[in-house]
Amino acid sequence: MEPAKFDRPVEIQVGIADYKIGREPARLITLGLGSCVGVSLYDPALKLGGLLHLMLPDSTQFNNVTKPAKFADLGIPLLIDEMKKNGAHLSRLQAKLVGGAQMFSGLDSKMILNIGQRNVEKARAMLREAGIPILAEEVGGNRGRTMIFDTSNGQVSIRMLGSKLKVI
Amino acid sequence: MSYRNLSPVELDALREISNIGLGNAVTSLAQLINRRVNMRVPRSSFLPFEEMIELVGGYEELVGCVSLRVLGDAPGIVLYIFDGESTLRLVDMLLGLPVGTTGELDEMARSAIKEIGNVLTGSFVSAISMMTGLNMITTVPLFAFDMLGAVLTSLMVAAGRVEEQVLVIETELFQEDETLIKGHFFLLTEPGAIERLMAALGL
């Protein structure tokens, strides 16, 4: 075993409908993504990362928006701005997407609106509009996921119940 | 609407009819599995949904969740959440197997859990319907078995109920042999439904 040279990396929790920024060696974590989508942005030159936990694709269907980070159309521009404020260059940013699952099974089609898929599609569209490439995705399916974003190397680890950690 | 606008008397009334509905639901469950089932309600409260997750457990905790929509005069959504272990125990109880037999959920077990949701909700709703004279029916059940955070947020999003407070009733069901089924019951009503319930109760 190597002797511990560094302090344990700082873990920054990102809540539902929230976003946080962190620098190496911080790890940004968001727990239990279902139909929600986690969007990570990374500036490898600065080892600066941001993570957003969005719930819904489109804010324009709501007349009273209290938390813009809840929505893909508002939350992604907010995250990009926050990255820029911390010195990131738009041209260097790289994105990864996790989540957007369909958690429930059953025959009630009114409740199975596939919001997960719409979240993923909207997040992709917003990133494309901003000119940010998506390096990797772990989306869809029917499993809940926890997303762990390591700002020291840009790697995203995905934890699912009863499965091995997956790194993208 | 937000429950913050309800008076203490109205909140009590809502809790009370939910308790009666749940009592009725447990009686039906006992008949279904042909065994005596006792119920405790340690807590009930109105909470914003982030707090509701923390009340039930950790975001990554394994849970089983059955959800049905209620249609009619007082529309809304009803959901039951059981912890992972309790979900498996419920399957054993329903299928008449010794507790501890079911280790994972196959199609049969999933149907069994959905059926329990059906029975519980059906009798819950009919108790309230009888008491208030309101017309209420339920839809087919949905089921998920995964991380609590993922399951609950997905359901709230699908129901369009992310801004509101939710009535949460913690329930513990147990048999004579003290096999414990730990669950939480949630009632989410659509705007106007509470007012109609209150009016029907003469409040």
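The values are calculated or read from the model by the stated rules, or taken from the named source; none is laboratory data. As the structure is a computational prediction, the values presented were derived from the model and not from experiment. Note: ideal-geometry Cβ built from the backbone for every residue, glycine included; neighbour counts use all protein chains shown.
Give the residue, chosen from B:E61, B:E54, that is at pLDDT 85 or above and at negative phi.
Residue meeting the stated conditions: B:E61.
Consider B:E164 carefully, then state whether it is under 30 Å from A:Q61 (Cβ atoms), more than 17 Å from the chain's Cα centre (by Cα) and at pLDDT below 85.
So B:E164 fits the description; yes.
Going by the conditions given, is B:V26 assigned to a strand (DSSP E or B), touching a strand residue (DSSP E or B) at 6+ places or on another chain (Cβ under 6 Å), on the phi < 0 side of the Ramachandran plot and among the hydrophobic types (A, V, I, L, M, F, W, C)?
Answer is no for this residue.
Of the conditions (1) at pLDDT 90 or above; (2) over 17 Å from B:G149 (Cα atoms), A:L107 clears all except one; give me its number.
(1)
Conditions first: (1) under 22 Å from A:K20 (Cβ atoms); (2) away from chain B (no Cβ under 14 Å); (3) not in a helix (DSSP H, G or I). A:E138 passes all but one, so which condition is the exception?
Every listed condition holds for A:E138 apart from (2).
B:T132 versus (1) more than 14 Å from every other protein chain (Cβ to nearest Cβ); (2) within 25 Å of A:L161 (Cα to Cα): which is the lone unmet condition?
Among (1) more than 14 Å from every other protein chain (Cβ to nearest Cβ); (2) within 25 Å of A:L161 (Cα to Cα), the lone unmet condition for B:T132 is (2).
A:A88 - would you say it is modelled with pLDDT under 95, more than 27 Å from B:L142 (Cβ to Cβ), surrounded by 15 or more Cβ atoms within 10 Å (Cβ to Cβ) and more than 14 Å from chain B (Cβ to nearest Cβ)?
Yes: the conditions hold for A:A88.
Okay, residues lined up against (1) within 11 Å of chain B (Cβ to nearest Cβ); (2) farther than 17 Å from A:I168 by Cβ; (3) assigned to a strand (DSSP E or B):
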{"site": "A:I16", "(1), (2), (3)": "yes, yes, no"}
{"site": "A:P25", "(1), (2), (3)": "no, yes, no"}
{"site": "A:L28", "(1), (2), (3)": "no, no, yes"}
{"site": "A:G32", "(1), (2), (3)": "yes, yes, yes"}
{"site": "A:V39", "(1), (2), (3)": "no, no, yes"}
{"site": "A:G49", "(1), (2), (3)": "no, no, yes"}
{"site": "A:V65", "(1), (2), (3)": "yes, yes, no"}
{"site": "A:D73", "(1), (2), (3)": "no, yes, no"}
{"site": "A:M83", "(1), (2), (3)": "no, yes, no"}
